């Protein structure tokens, strides 16, 4: 296990989860013609100007690919992209076992 | 991944007619059915692999997400026709709580879950067509069909809201509201009732299931996205 993986926290998620989020958000950025430079762990969601359908599409994509469920209450504390990666890491229990 | 058209209630009546119709169009069909009727079994045998039958009781609402997940492992559901229905005929004051729950489960709750599960995948693929089969009783008061009608009215409203929410992703959602049809569900009508219906219908006849299939084909295969959120009454003008 790499150092990055052993030190993972919700605000500093494992690289694999950041990669997942990066991939999902990159797709949305392309759809919305937004610059790829916005894709950083510190980027706040509000700055992406995603509408509710964009967010739904992104979350469904994660849910289906990882077979997890992301509830509205789970999203309450998510403001930055790294928060989302941390959340997915927590919910992906199969990978955490 | 091969695309499939998911049709519920495929064992008989309109669902069976729809299944047969889309197979003749050389579409791959996944038929959801509570039981394997001899008709569906025979269709499957002659379909050259174009018909997959999945046995699923839609009253078991908790099983539906997993059912769709399993289908989606093999096929991409590009279209859904919610056709399964149960009718508990009887004056509302005599309907049991259990009967009310069962009617709402199969006619409203199950199609809602099916729409949700299929629409999630369509949302990712940016493409899809959903047709919900409603009924005349969804907009007109029909004696003995209080809860069934309420469920269909709910399905029609769900159709409009889903259409509104999903149109930006190239997903059209419409409903067909047939009147009286020549199916198993209407086989209980007496000859006198049939004649009365014909007399009240401007076309002077009971609509054939094949006519509903033609409209469903249009909505699934040919209609532009601009036709979405509509409840199309196909009842020979009965509801006018």
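Since every read-out is calculated from the coordinates, none of them should be taken as a lab result. Here the structure is a predicted model, which is why all the values come from computation and not from measurement. When we count neighbours, we look across all protein chains shown, and the Cβ atoms used for this are built from the backbone with ideal geometry, even at glycine.
Counted by neighbouring Cβ atoms within 10 Å, the residues B:136, B:164 run from fewest to most as B:164, B:136.
Beta bridges per DSSP, both residues in the protein assembly as shown: antiparallel share near 5 percent. For the stretch B:23-128, state the average projected area of the convex hull of the C-alpha atoms over all orientations, rounded to one decimal in nm². That works out to 8.0 nm², a quarter of the Cα hull's surface.
How long are the semi-axes of the equivalent ellipsoid of chain B, taking √(5λ) for every eigenvalue λ of the Cα gyration tensor, in whole Å from largest down?
Ellipsoid half-lengths, sorted descending, are 27, 19, 19 Å.
With the gyration tensor restricted to C-alpha atoms of the stretch B:65-124, the semi-axes of the equivalent ellipsoid amount to 30, 10, 9 Å, longest first. Relative to the longest principal axis of the Cα atoms of chain B, helix B:191-200 runs at roughly 80 degrees. A Förster radius of 35 Å combined with the Cβ-Cβ distance from residue A:32 to residue B:89 puts the calculated FRET efficiency at roughly 0.10. The distance separating the Cα centre of the stretch B:136-153 from that of the stretch B:61-98 comes to 18 Å. Modelled spin-label separation between residue B:41 and residue B:164, with each label point placed 7 Å from Cα along the Cα-to-Cβ direction: 4.6 nm.
What relative contact order, as a whole-number percentage, does chain B give when Cα pairs under 8 Å and 6 or more residues apart are counted?
19 percent
Helix B:146-166: angle to the longest alpha-carbon principal axis of chain B, degrees 0 to 90, nearest 10? Once rounded, one gets 40 degrees. Angle of helix B:64-74 to the longest C-alpha principal axis of chain B, folded into 0 to 90 degrees and rounded to 10: 40°.
Eigenvalues of the alpha-carbon gyration tensor of the stretch B:116-169, scaled by 5 and square-rooted, set the equivalent ellipsoid semi-axes at 28, 9, 8 angstrom, largest first. Taking a point 7 Å from the Cα of residue B:191 along the Cα-to-Cβ direction, the residues of the stretch B:201-226 with backbone N closer than 20 Å to it are B:201, B:204-207. Three principal axis extents of the protein assembly as shown based on alpha-carbon atoms, in descending order, are 80, 40, 40 Å.
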